[in-house]
1. Restricting to the stretch 240-249, and then to whatever is surrounded by fewer than 19 Cβ atoms within 10 Å (Cβ to Cβ) and in a loop (DSSP other than H, G, I, E, B), can you tell me which residue is farthest from the chain's Cα centre (by Cα)?
2. For the stretch 51-167, list the helices (runs of 4 or more DSSP H) that sit wholly inside it and hold at least 1 residues that are more than 22 Å from Ile327 (Cα to Cα) and in contact with a Ser or Thr (Cβ under 7 Å, 6 or more places away or on another chain); which are they?
3. In the stretch 161-193, which residues are buried (at least 21 other Cβ atoms within 10 Å of the Cβ) and among the β-branched types (Val, Ile, Thr)?
4. Do we have Tyr144 as surrounded by 14 or more Cβ atoms within 10 Å (Cβ to Cβ), in contact with a His (Cβ under 7 Å, 6 or more places away or on another chain) and on the phi < 0 side of the Ramachandran plot here?
5. Output the number of the condition that Pro304 fails; it satisfies all remaining conditions of (1) under 20 Å from Lys234 (Cα atoms); (2) surrounded by 17 or more Cβ atoms within 10 Å (Cβ to Cβ).
6. Would you confirm whether or not the stretch 285-294 contains a residue that is basic (Lys, Arg), modelled with pLDDT of 95 or more and either on the phi > 0 side of the Ramachandran plot or assigned to a loop (DSSP other than H, G, I, E, B) (or both)?
7. Within the stretch 65-84, can you find the residues that are closer than 26 Å to Ala289 by Cβ and in contact (Cβ under 8 Å) with a residue 12 or more places away in the chain?
Amino acid sequence: MIKIWPSKSIQALAAVLCIAGVSAFAPSASAQGAWPNKPIKFVAVFPPGGSVDQVARILAVPLSQQLGQSIIVENKGGASGSIGTAAVAAAPADGYTFAVVFDTHGVNPSLIPGLPFDTRKDLAPVSLIGTSAMVLATFSGSEYKTFGDVVAAAKAKKNVSYGSIGSGSLGHLAMALLGKSGNIDWQHVPYKGGGPLMTDAVAGHVPLSIGSVFVTKPHIDSGRLRPLAVTTSKRAPDLPNVPTVAESGFAGFDAPAWWAILAPAKTPPEVLKRMNEEVNKALKNADIAKKLDAQGIDIMGGTPEAARVFIDKQIDIWAKVVKDNGIKAD
């Protein structure tokens with residue numbers, strides 16, 4: 001039997017369905033409202049106290065003000081930053097999770113076998129925050145007065161050794177690259193971070209050290225370390241009298257430390273664009289610029305595409321160095 005519904009019943013049913021439809025779609029519309037509409041997480045991929053943690057916390061303050069939402073900094077260190085980066089790569093691509101990474105991000109693909117993410121495909125660069133020179137230094141009582149003295153000693157097979165913050169660190173790779181290109185034989189002494197390295201360096205227990213401006217400069221200022229060269233193509237603003245490696249006979253040499261913000265790869269383009277704009281705005285804030293300068297960081301900023309080009313180049317450069325020198329992680 002076919003039942004004919006009275007017209008009033010049909011109208012009532014339609015009204016109920018309409019209300020139900022509105023209710024069903026209301027949460028989705030709310031969830032996809034103007035970004036951001038809830039707190040944002042910055043995953044600092046190194047432990048508290050280091051430069052990555054400092055950069056994340058320095059930027060979180062102006063960005064939270066500009067975006068009108070809290071920015072929560074979560075430290076997730078381990079495996080040269082790859083554990084925290086993996087967590088961000090696997091996070092929902094909704095614009096509420098970002099990674100703050102260090103230069104190890106460009107080394108890890110070639111240094112750490114079996115990374116649980118594809119560095120190029122699973123992450124989207126948001127902004128290159130800045131770069132910094134590394135400083136090759138020696139203790140105050142050292143026989144080395146210039147970088148040329150170090151090169152001459154190494155070529156004379158005088159058993160020259162240098163310390164870095166660890167195997168596979170950018171300092172280690174930079175010295176390996178120099179050694180390969182200049183046919184120089186020097187020995188690497190890996191330390192577990194900048195603190196232990198500097199303790200031995202100022203005491204003269206290791207003849208040379210290579211570390212960031214932030215780690216090294218206080219000991220240069222105190223007179224306990226003598227800077228010999230910086231690894232960037234231009235002299236470091238904080239150490240204007242220290243020549244570059246390029247000036248010291250290795251034309252074109254450039255090995256900067258760097259920091260960047262990344263997002264999960266499928267984060268909406270409009271969100272990436274907005275976050276990039278807000279980061280650039282924050283970097284132009286005089287107070288923020290001063291705080292980053294205190295970390296030895298030269299501000300870069302720029303577009304997401306510029307960040308991608310820079311990071312891809314770093315991945316390619318250090319992959320070759322790791323392969324050519326058979327470098328292994330700690």
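1. Step by step, filter the stretch 240-249, then rank; the result is Gly249.
2. Details: elements: 51-67, 82-89, 108-111, 147-155.
Fully inside the stretch 51-167 and qualifying: 51-67, 82-89, 147-155.
3. Within the stretch 161-193, just Ile165 meets the criteria.
4. Judged against the criteria, Tyr144 is not a match.
5. Just one mismatch for Pro304, condition (1).
6. Among the residues of the stretch 285-294, not one is basic (Lys, Arg), modelled with pLDDT of 95 or more and either on the phi > 0 side of the Ramachandran plot or assigned to a loop (DSSP other than H, G, I, E, B) (or both), which makes the answer no.
7. Result: Gln66, Leu67, Gly68, Gln69, Ser70, Ile71, Ile72, Val73, Glu74, Asn75, Gly81, Gly84.
Yes/no per residue for (1) among the aliphatic types (A, V, I, L, M); (2) under 27 Å from the mean Cα position of the chain (by Cα); (3) assigned by TED's automatic domain parsing to the domain that holds Phe102:
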residue	(1), (2), (3)
Thr146	no, no, no
Lys155	no, no, no
Lys158	no, no, no
Leu170	yes, yes, no
Lys180	no, yes, no
Trp186	no, no, no
Gly195	no, yes, no
Gly211	no, yes, no
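The values are calculated or read from the model by the stated rules, or taken from the named source; none is laboratory data. In this text, all values refer to a predicted model and were calculated from it rather than measured experimentally. Please note: Cβ atoms are built from the backbone with ideal geometry, for glycine as well, and neighbour counts cover all protein chains shown.
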